[in-house]
Amino acid sequence: MKTIVVLGMHRSATSLVAKGLHHEIDMGPDLWVGENPTQPHGHYESRSFVSMNDRILKLAGGHWQRPPPEQHILAVGEDIRDEIKELVEAAGKGKEIWGWKDPRTTLTIKCYLPFLENPHFVPVFRDPKEVVKSLVRRNGNKPAYWVRVVREYNYRLLSFLSEFSSVGG
């Protein structure tokens, strides 16, 4: 089995990548294409993984726009590890290759890692200035707010990739 996980900040083209992957592999249970004015080609996100990630972030004291400290996320992940394991096993059951995309996973990936068989990560980066402009247009708030959020996501993604590759991932 091979698991593909798309990681990256919201509005950084993770949906575009997931859409491309979806033509060849199963991108998770209960896929939400979710076309809307700000995402005309859809999200290509599994509702189950979005829901789990929202729950982890909330229990850790934050949400996608206000990432909680990683140690809080890891503590929550440990508390609900059986549920995370069950989600991963159900999503990948009977599939040679599968994956999922939810930008929140950039913050929560370490909670899933123990349960992933043969994981492959697809990191997605976009010019941070363009991501900030897109978030301001879609969500409001001042650019300085989003600059902090984008930096945090990119920092955590780079840290994870560095750590994962150094352990022979």
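None of the figures in this text is laboratory data; all of them are computed from the coordinates on show. Quick caveat, the model's predicted, so the values are computed rather than measured. FYI the Cβ positions are ideal-geometry reconstructions off the backbone, even for glycines, and counts take in every protein chain you see.
Straight-line cross-link partners of Lys85 among the aspartates and glutamates, defined as a Cα under 12 Å from its Cα and at least 8 positions apart when in the same chain: Glu117. Each Cα pair under 8 Å and six or more residues apart adds its sequence gap; the mean of these over the residue count of the chain is a relative contact order of 35 percent.
Take the chain and mark each of the GluC sites (Glu not before Pro) that is in a DSSP loop with at most 12 other Cβ atoms within 10 Å; the longest unmarked stretch, sites excluded, is 36-95. Counting every other Cβ atom within 10 Å of each residue's Cβ, Ser12, Ser159, Ser48 order from fewest to most as Ser159, Ser48, Ser12.
Between Lys129 and His23, the distance separating the two model label sites (each 7 Å from Cα on the Cα→Cβ line) works out to 3.1 nm.
The alpha carbons of the chain occupy a box of 44, 35, 28 Å along the principal axes, longest dimension given first.
When the C-alpha to C-alpha distance is required to be over 20 Å, the pairs from Lys19/Lys95; Lys58/Lys93; Lys58/Lys133 that qualify are Lys58/Lys93; Lys58/Lys133. Rounded to the nearest 20 debye, the dipole size of the range 1-123 about its Cα centre is 320 debye, using +1 on the Cβ of Lys and Arg and -1 on the Cβ of Asp and Glu. Annotation for Phe115 and Ile97: the two label points, set 7 Å from Cα along the Cα-Cβ direction, are 2.4 nm apart.
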